[in-house]
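The block underneath contains the structure these notes are about, expressed in structure tokens.
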Amino acid sequence: MDISAFFSSNGILAKAVKGYQPRQAQVEMATAIDTAIRENRHFIAEAGTGTGKTFAYLVPALLSGKKAIVSTGTKNLQDQLFNKDIPLLRKVFKTPFTAALLKGRSNYLCLLRLKNAMTTTFGFSKDDAMALAKINTWASRTQTGDISEIAGVEENNPIWYQATSTVGNCLGQECADYAQCFLVKARKKAQEADLIVVNHHLLCADWAIRDNGFGELLPSVGAVIIDEAHQLPETAANFLGINLSGRQFNELAQDSLVEFYQDATDIPELRATAENLEHAVRNLRLAFGIELKRGDWQELVKNKAVMDALHSLQTNLQQLTEQLKIASVKSKNLDVCFKRAEELSEQLQAIVTEQDSKWIRWYELHRQSFTLNRTPLTITNEFQQFMLLHKASWIFTSATLSVANSFEHFSSQLGLTDIPGASWSSPFDYANQSLFYHPKGLPHPNDPHFIPLILEFVVPVLEASQGRAFFFIH
Ligand SMILES: Nc1ncnc2c1ncn2[C@@H]1O[C@H](COP(=O)(O)OP(=O)(O)OP(=O)(O)O)[C@@H](O)[C@H]1O
Ligand code: SF4
Ligand SMILES: [Mg+2]
């Protein structure tokens with residue numbers, strides 16, 4: 001079967017997609033990607049928003065018969081691809097294919113940690129206890145363990161930390177729940193699938209060897225398709241650097257407290273140092289001030305209050321690490337906490353003392369937390385090696401990759417040399433067929449009045465456009 005059988009006006013997609021119309025840009029893009037994948041070459045494809053890039057790469061990837069990885073910019077896009085576009089293609093493809101969705105480990109329920117949280121004597125708040133009870137009920141019926149499935153406990157609820165794992169605290173094959181583990185099952189499924197849908201974070205985690213178990217997937221693929229490729233350089237640079245958040249220190253302190261109550265109540269210093277670490281995190285956040293921003297490390301060096309709070313965080317982390325070392329002989333979990341504390345200490349030290357100009361040091365402030373970062377100035381060598389390691393056809397696509405009609409800027413960020421590319425403009429006349437509306441004077445999205453107030457603006461727009469409107473809330 002060839003590309004035109006899919007994309008023509010009476011082709012396969014026309015029968016399956018409501019309102020289908022052949023689009024020149026889409027067919028040309030699909031043809032170019034088809035050739036690249038078949039000839040095992042790399043390719044950069046830029047096409048305007050709404051061109052239909054998803055089908056333009058999925059169809060050739062599936063037709064090639066090669067095992068492929070598609071990486072999207074976000075988890076939401078991953079879900080959309082997996083739940084909408086792939087099932088549609090599955091219905092119309094003559095040859096059956098298997099597809100798997102694989103997210104990062106923090107998206108899967110960890111049965112062991114949930115069990116520990118349900119039996120601990122550590123005092124959770126009433127809300128936390130209710131959320132944990134909901135998670136526990138869902139745990140007995142979920143097939144995937146994907147935390148986005150459950151209604152009523154938001155994905156960003158901090159309680160998920162108690163019911164998901166990290167590389168640092170997962171017991172791996174020594175885990176009593178290994179055979180039922182959702183993460184292990186998802187990874188196994190992905191290894192066997194013809195098409196694997198991941199996101200850039202996961203792809204980069206695999207590359208930066210921050211997590212095990214995913215590495216075996218890549219060598220056997222014939223095509224790696226990077227959608228929303230403009231986001232890859234930043235994600236990749238972050239993965240090759242160090243990013244420490246206030247939350248990570250708090251999570252360590254919390255886990256240490258849970259384990260203190262569980263197995264180490266004879267070491268009161270453990271509890272004291274864990275609580276001190278939480279205070280130090282809070283003090284550092286306060287010292288940063290209320291303005292939410294990103295900034296260069298040099299600004300911090302001049303700020304005595306922040307520097308003092310940062311050194312106090314370092315000292316407190318060291319003290320907790322020492323106590324965890326003493327307690328580590330008591331249980332596997334305490335030993336895991338100790339190793340994490342040691343690693344966090346080393347990373348914090350690396351950020352604070354770094355002098356080499358090949359790294360950029362910076363910070364970012366959130367309402368309740370902060371991140372401290374050390375990012376490489378360039379990732380080109382590492383990325384080239386990553387591509388060489390996986391001898392697949394790499395396809396980079398997005399609506400925005402070129403600057404002044406050239407892919408030079410994008411290519412140089414990733415160290416891509418001599419990779420052909422093509423650009424297609426959007427089939428839509430956005431300038432004449434769309435309107436941009438920015439209502440003024442709205443409160444912050446966290447304000448309790450935000451929803452009723454924004455609805456006053458949204459409803460008339462929806463009525464006037466008959467539902468054909470996008471809303472961005474930032
Ligand atoms: N030829 C077509 N005719 C009509 N609808 C199509 C066609 N191709 C794709 N679509 C639909 O158009 C919508 C947009 O497609 P898609 O998400 O692939 O766009 P995109 O090029 O990736 O845009 P963006 O840059 O915003 O991600 C989808 O709902 C898809 O099902
Ligand atoms: S193997 Fe790791 S992720 Fe899976 S249940 Fe055990 S601790 Fe949790
Ligand atoms: Mg898209």
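The values are calculated or read from the model by the stated rules, or taken from the named source; none is laboratory data. Bear in mind that the values here come from a model prediction, so they are computed numbers and not experimental data. Heads up, the Cβs are rebuilt from the backbone with ideal geometry, glycines too, and the neighbour counts pull from every protein chain shown.
The table that follows gives values for the structure above.
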{"quantity": "Residue list for the stretch 346-376, filter: surrounded by 17 or more Cβ atoms within 10 Å (Cβ to Cβ) and in a strand (DSSP E or B)", "calculated": "Trp359, Arg361, Trp362, Tyr363, Leu365, Phe370, Thr371, Leu372, Asn373, Arg374, Thr375, Pro376"}
{"quantity": "Qualifying residue in the stretch 377-393 (condition: crowded, with 18+ Cβ neighbours inside 10 Å, modelled with pLDDT of 95 or more, away from ligand 2 (no atom under 16 Å from the Cβ) and not aromatic (Phe, Trp, Tyr))", "calculated": "yes"}
{"quantity": "Among the residues listed as Ile12, Ile37, Ile44, the single one being closer than 20 Å to Glu228 by Cα, away from ligand 3 (no atom under 16 Å from the Cβ) and in contact (Cβ under 8 Å) with a residue 40 or more places away in the chain", "calculated": "Ile37"}
{"quantity": "Which listed residue is out of contact with any strand residue (DSSP E or B) (no Cβ under 9 Å at 6 or more places or on another chain) and within 16 Å of ligand 3 (Cβ to nearest atom), from Phe396, Phe450, Phe428, Phe436", "calculated": "Phe428"}
{"quantity": "Top-ranked residue of the stretch 77-106 - restricted to ones that are among the basic types (Lys, Arg) and outside any loop (DSSP other than H, G, I, E, B), ranked as nearest to ligand 2 (Cβ to nearest atom)", "calculated": "Arg105"}
{"quantity": "Inter-residue pairs, beta-carbon under 8 Å, first in a loop (DSSP other than H, G, I, E, B) and in the stretch 427-441, second among the β-branched types (Val, Ile, Thr), 6+ apart", "calculated": "Pro427/Thr51; Phe428/Thr49; Tyr437/Val461; Pro439/Ile454"}
{"quantity": "When residues of the stretch 155-168 are limited to those that are out of contact with any helix residue (DSSP H, G or I) (no Cβ under 7 Å at 6 or more places or on another chain) and free of Cβ contacts under 8 Å to residues at least 60 places away in the same chain, the one surrounded by the most Cβ atoms within 10 Å (Cβ to Cβ)", "calculated": "Trp160"}
{"quantity": "Verdict on Asn116 being more than 16 Å from ligand 3 (Cβ to nearest atom), farther than 29 Å from Leu388 by Cβ, surrounded by fewer than 18 Cβ atoms within 10 Å (Cβ to Cβ) and outside the structural domain of Ala392 (by TED's automatic domain parsing)", "calculated": "no"}
{"quantity": "Number of the exception - Ile419 against (1) assigned by TED's automatic domain parsing to the domain that holds Gly295; (2) aliphatic (A, V, I, L, M); (3) touching a His at 6+ places or on another chain (Cβ under 7 Å)", "calculated": "(1)"}
{"quantity": "Subset of the stretch 447-471 (residues that are free of Cβ contacts under 8 Å to residues at least 12 places away in the same chain, surrounded by fewer than 12 Cβ atoms within 10 Å (Cβ to Cβ) and in a loop (DSSP other than H, G, I, E, B))", "calculated": "Asp447, Pro448, His449, Gln466, Gly467, Arg468, Phe470"}
{"quantity": "Scan of the stretch 1-23 for residues that are part of a helix (DSSP H, G or I) and under 33 Å from the mean Cα position of the chain (by Cα), ordered by number", "calculated": "Ile3, Phe6, Phe7, Leu13, Ala16"}
{"quantity": "Search result, residues across the stretch 394-416 that are in contact (Cβ under 8 Å) with a residue 24 or more places away in the chain and either outside any strand (DSSP E or B) or within 16 Å of ligand 2 (Cβ to nearest atom) (or both)", "calculated": "Ala399, Thr400, Leu401, Ser402, Phe407, Phe410, Ser411, Ser412, Gln413, Leu414, Gly415, Leu416"}
{"quantity": "Per-region count, the stretch 125-154, residues part of a loop (DSSP other than H, G, I, E, B) and in contact (Cβ under 8 Å) with a residue 12 or more places away in the chain", "calculated": "8"}
{"quantity": "Answer from Ser412, Ser434, Ser406 - the residue that is more than 29 Å from the chain's Cα centre (by Cα), within 30 Å of Glu46 (Cβ to Cβ) and exposed (fewer than 14 other Cβ atoms within 10 Å of the Cβ)", "calculated": "Ser434"}
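Yes/no per residue for (1) under 26 Å from Thr120 (Cβ atoms); (2) touching a residue at least 60 places away in the same chain (Cβ under 8 Å); (3) outside the structural domain of Thr72 (by TED's automatic domain parsing):
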site	(1), (2), (3)
Gln248	yes, yes, yes
Gln254	yes, yes, yes
Leu257	yes, yes, yes
Asp266	yes, no, yes
Leu300	no, yes, yes
Gln319	yes, no, yes
